[in-house]
1. Go through the stretch 86-178 and tell me which strands (runs of 3 or more DSSP E), entirely inside it, have 3 or more residues that are over 27 Å from E16 (Cβ atoms).
2. Hey, can you tell me all the residues within the stretch 15-38 that are open to solvent by 20 Å² or more (accessible area, probe 1.4 Å) and either among the hydroxyl-bearing types (S, T, Y) or out of contact with any Pro (no Cβ under 9 Å at 6 or more places or on another chain) (or both)?
3. Does V56 satisfy being outside any helix (DSSP H, G or I) and buried (at least 22 other Cβ atoms within 10 Å of the Cβ)?
4. Can you name the condition, by its number, that L68 falls short on among (1) in contact with a Lys or Arg (Cβ under 9 Å, 6 or more places away or on another chain); (2) part of a loop (DSSP other than H, G, I, E, B)?
5. When the residues of the stretch 136-158 are narrowed to those that are in contact (Cβ under 8 Å) with a residue 60 or more places away in the chain and among the hydrophobic types (A, V, I, L, M, F, W, C), which ends up most open to solvent (accessible area, probe 1.4 Å)?
6. Out of G72, G108, G47, G76, report the one residue that is surrounded by 13 or more Cβ atoms within 10 Å (Cβ to Cβ) and either among the aromatic types (F, W, Y) or modelled with pLDDT of 95 or more (or both).
7. Report yes if I133 is of a type in the set (V, I, T) and open to solvent by 30 Å² or more (accessible area, probe 1.4 Å), otherwise no.
8. Answer yes if at least one residue in the stretch 91-104 is open to solvent by less than 20 Å² (accessible area, probe 1.4 Å), within 21 Å of H71 (Cβ to Cβ) and of a type in the set (V, I, T), and no otherwise.
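The values are calculated or read from the model by the stated rules, or taken from the named source; none is laboratory data. Worth saying up front: this structure is predicted, and the values here are computed from it rather than measured. Every residue, glycine among them, receives a Cβ derived from its backbone with ideal geometry; neighbour counts consider all protein chains shown. The protein model used for the area step is the full one, side chains on, heavy atoms only, and it has no ligands, DNA or RNA in it. Shrake-Rupley method; radii C 1.70, N 1.55, O 1.52, S 1.80 Å.
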Amino acid sequence: QLRTVFGRMASPLILELRLDERPVSAELRDYMEELVKLTDKLTLRTGEGGAEAPCVRILSVDGTDTGLAFHGVPGGHEFTSFVLGLYNAAGPGQPIDPDVKTSIASIGKKDMKILVSLSCTMCPELVMAAQRIAAENANVRAEVYDINHFPELRERYNVMSVPCLVIDDGAAVTFGKKNIRQLVDILK
């Protein structure tokens, strides 16, 4: 199934790892090393770690940041979301209704943090919507965080449930699943 998705990707991508000394970083590295073995459309490189580690950023083949990133290891219910994020970033991406596509194009600069748990069944819908918007509009970032590895975000935004959507560093914080139309309305 993965090879089918990778075969449909229009452009290659770079998966840039940002790692630290925690075991979850080693797990992320191993996970991404296995993923890139499945296709020549993905290459792996390591960037600076920093506070966002462990993280995998999705870059265009020329090194441009697509605005999509996963902090932690994209397993559990987020594995499919991550693979679809790759497909959307590489193109052609999942189809979008023309009116939604027009609305996405009109969104100005927005930075989304989507705080999730890998066991959450409601999180993937919001993650996929956020990543699809970010893949379509270069002004929008969609950074997904496995809240289990970033407790400081749970405290900072008073997260009692997931998914939690944080827009522009706390200018707006919402909870619950959202589809692409609902998310576009929130961002506009």
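1. Numbers: elements: 110-116, 140-146, 164-167, 172-175.
By residue number, 172-175.
2. Within the stretch 15-38, the first condition is being open to solvent by 20 Å² or more (accessible area, probe 1.4 Å), and the residues that meet it are 18-23, 26-27, 29-31, 33-34, 36-38.
If the condition is that a residue be open to solvent by 20 Å² or more (accessible area, probe 1.4 Å) and either among the hydroxyl-bearing types (S, T, Y) or out of contact with any Pro (no Cβ under 9 Å at 6 or more places or on another chain) (or both), then E21, P23, D30, Y31, E33, E34, V36, K37, L38 are the ones that fit.
3. So V56 fits the description; yes.
4. It fails just one condition, (2).
5. Ranking the qualifying residues of the stretch 136-158, first place goes to A138.
6. Numbers: G108 fails: surrounded by 13 or more Cβ atoms within 10 Å (Cβ to Cβ); G47 fails: either among the aromatic types (F, W, Y) or modelled with pLDDT of 95 or more (or both); G76 fails: either among the aromatic types (F, W, Y) or modelled with pLDDT of 95 or more (or both).
Checking each option against the conditions leaves just G72.
7. Details: of a type in the set (V, I, T): yes; open to solvent by 30 Å² or more (accessible area, probe 1.4 Å): no.
When the stated conditions are applied, I133 does not pass them.
8. Initial filter on the stretch 91-104 (open to solvent by less than 20 Å² (accessible area, probe 1.4 Å)): 91, 93, 100, 104.
When the remaining residues are screened for being within 21 Å of H71 (Cβ to Cβ), the result is none.
No, the stretch 91-104 has no match at all.
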